[in-house]
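Where a number appears in this text, it was derived from the coordinates with a stated rule and is not lab data. Here the structure is a predicted model, which means the values were calculated and not measured.
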């Protein structure tokens, strides 16, 4: 399925993040992160690279925005993968320049 099938975030850096997920492009995804970028899943800190492989790239992750806050750094996303199926999830991003330094996700 191509990125054009999904509603993408308005913020350009977060949009590129979602496109990398939907296109299965791990290299593009990792290039969007600052050195030492961090993340949490349901409030628990995770190893970002390991989490991304398991939840996104090894499982055909899909990112489809349902509702977005002004500024485009917080949103409700229908996130799906081949392991868990699709569910509404909350995503919040911290962006530094043209890269993401942190994101937090979890069930909405």
**OP:** Evaluate the relative contact order of the chain (contact order divided by residue number), counting alpha-carbon pairs under 8 angstrom at least 6 apart; express in whole percent.
**Re:** 28 percent
Original post:
On average, how much area does the Cα convex hull of the chain cover when viewed from any direction, in nm²?
Top reply: 5.9 nm²
Original post:
For the chain, what is the percent of antiparallel DSSP beta bridges, rounded to the nearest 5?
Top reply: 85 percent
